[in-house]
1. Scanning for something closer than 22 Å to Asp111 by Cα and either loosely packed, with under 13 Cβ neighbours inside 10 Å or in contact with a helix residue (DSSP H, G or I) (Cβ under 8 Å, 6 or more places away or on another chain) (or both), does the range 140-150 turn up at least one residue?
2. Just one of the numbered conditions (1) over 16 Å from the mean Cα position of the chain (by Cα); (2) surrounded by 12 or more Cβ atoms within 10 Å (Cβ to Cβ) is not true of Leu156; which one?
3. Does Gly205 satisfy the criteria of being surrounded by fewer than 17 Cβ atoms within 10 Å (Cβ to Cβ), assigned by TED's automatic domain parsing to the domain that holds Ala108, under 20 Å from the mean Cα position of the chain (by Cα) and of a type in the set (Gly, Ala, Ser)?
4. Yes or no: the range 150-164 includes at least one residue that is over 30 Å from Phe211 (Cα atoms), assigned to a helix (DSSP H, G or I) and not aliphatic (A, V, I, L, M).
5. Filter the range 112-139 down to the residues that are in contact with a helix residue (DSSP H, G or I) (Cβ under 7 Å, 6 or more places away or on another chain) and buried (at least 16 other Cβ atoms within 10 Å of the Cβ) and list them by number.
6. So Gln68 ticks every box in (1) surrounded by fewer than 14 Cβ atoms within 10 Å (Cβ to Cβ); (2) modelled with pLDDT under 85; (3) closer than 19 Å to Leu164 by Cα; (4) not basic (Lys, Arg) but one. Which box is left unticked?
Amino acid sequence: MGKKGGGFGTTLVLAFVIVLLGVGLGVAISTQSFMQRVPVVGPLLFEEEPAQTTTGPVVVEGIQDLNQLATVRWRESVIVTRESGGTELEQILSGEKVLLVAAGDVEAGVDLESLGRDDVKVEGETVTIRLPEPEILSVSLDEEATGVYDRDFGPLNLRPDDDLVEQARARAVDRIEGAARDEEILAQAEQNAENGIRAFVTSLGFEKVNFE
């Protein structure tokens with residue numbers, strides 16, 4: 001009978017301890033101090049991982065790498081005529097006339113490599129970018145598709161004027177560039193730059209991209 005009484009007493013003690021622990025736990029939770037008292041075990045069980053942030057300099061560097069995406073190429077063909085100077089009689093007797101058929105390419109773009117940190121503002125989920133002005137990057141003739149189609153000499157012309165051909169080529173370059181500008185190649189280059197930058201910036205997690 002003594003042994004049975006001892007077991008019953010132990011059971012009462014354990015029950016009392018459990019009640020005390022329960023009350024203490026409830027008080028700790030109600031005073032919002034429980035999480036501060038719980039030791040951190042393992043990979044930060046109760047701690048939120050810090051949000052990843054993308055800074056302005058990182059955005060700038062990424063945009064600078066998009067430089068080639070801002071390029072537009074335009075192809076044009078023109079016919080150019082150049083004649084030697086002098087009076088009408090001199091042109092008939094010793095003059096020269098060159099007919100040049102030329103084809104060339106115009107490249108335009110926005111120089112994103114020149115973008116500075118002051119040109120990019122990051123505010124929360126919005127990025128505001130001040131882009132450089134679009135510009136003509138190059139104008140070149142396609143030598144395989146460019147050549148003198150016709151060349152007339154006066155009867156007294158003993159020396160062909162090669163400078164006349166170079167003048168015709170230079171005029172062809174100007175006209176090809178002018179045709180590309182008339183077709184708003186600069187606006188296309190700016191739009192390409194904005195599209196490429198917007199796709200890149202939103203891939204970083206930003207929701208809105210504004211351009212100035």
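The values are calculated or read from the model by the stated rules, or taken from the named source; none is laboratory data. The model shown is predicted, which means the values in this text are computed figures rather than measured ones. Counting neighbours? That spans all protein chains shown, and the Cβs are built from the backbone with ideal geometry, glycine included.
1. Looking for residues that are closer than 22 Å to Asp111 by Cα and either loosely packed, with under 13 Cβ neighbours inside 10 Å or in contact with a helix residue (DSSP H, G or I) (Cβ under 8 Å, 6 or more places away or on another chain) (or both), one finds at least one in the range 140-150, hence yes.
2. Unmet for Leu156, out of (1) over 16 Å from the mean Cα position of the chain (by Cα); (2) surrounded by 12 or more Cβ atoms within 10 Å (Cβ to Cβ): (2).
3. On the way: surrounded by fewer than 17 Cβ atoms within 10 Å (Cβ to Cβ): yes; assigned by TED's automatic domain parsing to the domain that holds Ala108: yes; under 20 Å from the mean Cα position of the chain (by Cα): yes; of a type in the set (Gly, Ala, Ser): yes.
Yes; evaluated as a whole, the condition is true for this residue.
4. So far as the range 150-164 goes, yes, one or more of its residues are over 30 Å from Phe211 (Cα atoms), assigned to a helix (DSSP H, G or I) and not aliphatic (A, V, I, L, M).
5. If the condition is that a residue be in contact with a helix residue (DSSP H, G or I) (Cβ under 7 Å, 6 or more places away or on another chain) and buried (at least 16 other Cβ atoms within 10 Å of the Cβ), then Leu112, Leu115, Val120, Val122, Val127, Ile129, Leu131, Pro132, Pro134, Ile136, Val139 are the ones that fit.
6. (3)
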